[in-house]
1. Looking only at the range 15-31, which residues are touching a helix residue (DSSP H, G or I) at 6+ places or on another chain (Cβ under 9 Å) and aromatic (F, W, Y)?
2. Which condition does T34 not pass, out of (1) among the polar types (S, T, N, Q); (2) assigned by TED's automatic domain parsing to the domain that holds T154; (3) out of contact with any helix residue (DSSP H, G or I) (no Cβ under 6 Å at 6 or more places or on another chain); (4) modelled with pLDDT of 95 or more, if it passes all the others?
3. Could you list, in sequence order, the residues of the range 20-35 that are farther than 18 Å from I84 by Cβ and crowded, with 18+ Cβ neighbours inside 10 Å?
4. Determine the pairs where a residue that is in contact (Cβ under 8 Å) with a residue 40 or more places away in the chain, located within the range 152-171, has a partner that is β-branched (V, I, T) and not in a helix (DSSP H, G or I) with Cβ atoms under 8 Å apart, the partner being 6 or more residues away or on another chain.
5. Just one of L129, L156, L101, L121 is surrounded by fewer than 19 Cβ atoms within 10 Å (Cβ to Cβ) and either outside the structural domain of L46 (by TED's automatic domain parsing) or within 20 Å of L25 (Cβ to Cβ) (or both); which is it?
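The values are calculated or read from the model by the stated rules, or taken from the named source; none is laboratory data. These figures come from a predicted structure and were not determined experimentally. Using ideal geometry, Cβ is built from the backbone for each residue, glycine included, and neighbour counts are taken over all protein chains shown.
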Amino acid sequence: MEHQLRLQPIEKPKGLYMKLGYWYLKKMIGKVITPAKVVYARVPKLMKVASLFYKVSEQAPLSDDLKIMLKAMVSDLNNCTFCIDITQAYAMRKGSSMKKLGEIHNFATSELFSPAERACLNYVKEATLHKQVPDAIFRELQQHFNEEQIIYITFLMASEVYYNTMNLALGIGSDGLCAIQ
């Protein structure tokens, strides 16, 4: 799907908070990402939401690889090219298996994925596509993850849907972040 930005990016933000935010993004990612220039420059409080989501994500008692695969699965199902790009760039920075990301569509049958990863990705796929999960899929998830981990998995999936929806509705596509890595 071709993305057409619906709001023009703000290259020079107002206020010290946003100027620091742009500086931080450029330092950490290599550029100021389009969502910052389109969304956060207009509603700076949403950058605080994104920061909180990031902190919660980092604290999730799950492997970095699983968090990356989960986000990649959700973004791919929702066809959010910005989120796919930033997730792949993050995976490259973390040294995660790009081979698994390339096989994410075949998670159910690929030998690259553990039974726990399959259970998580199946749960995330069902919840993303249908907003509900059959009991059998939930029971499979419970065999591999404790209640706290299940809540974090669900939060990570839901927060990725939030980002996907914001980007897709506003026409925000890939920023070419993998090329920067």
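1. Across the range 15-31, the qualifying residues are Y17, Y22.
2. Failed condition: (2).
3. So the first thing to find is which residues in the range 20-35 are farther than 18 Å from I84 by Cβ, and the list is 20-28, 32.
The answer is G21, Y22, L25, V32.
4. M166/I172
5. Numbers: L156 fails: surrounded by fewer than 19 Cβ atoms within 10 Å (Cβ to Cβ); L101 fails: surrounded by fewer than 19 Cβ atoms within 10 Å (Cβ to Cβ); L121 fails: surrounded by fewer than 19 Cβ atoms within 10 Å (Cβ to Cβ).
Going through L129, L156, L101, L121 in turn, just one is surrounded by fewer than 19 Cβ atoms within 10 Å (Cβ to Cβ) and either outside the structural domain of L46 (by TED's automatic domain parsing) or within 20 Å of L25 (Cβ to Cβ) (or both): L129.
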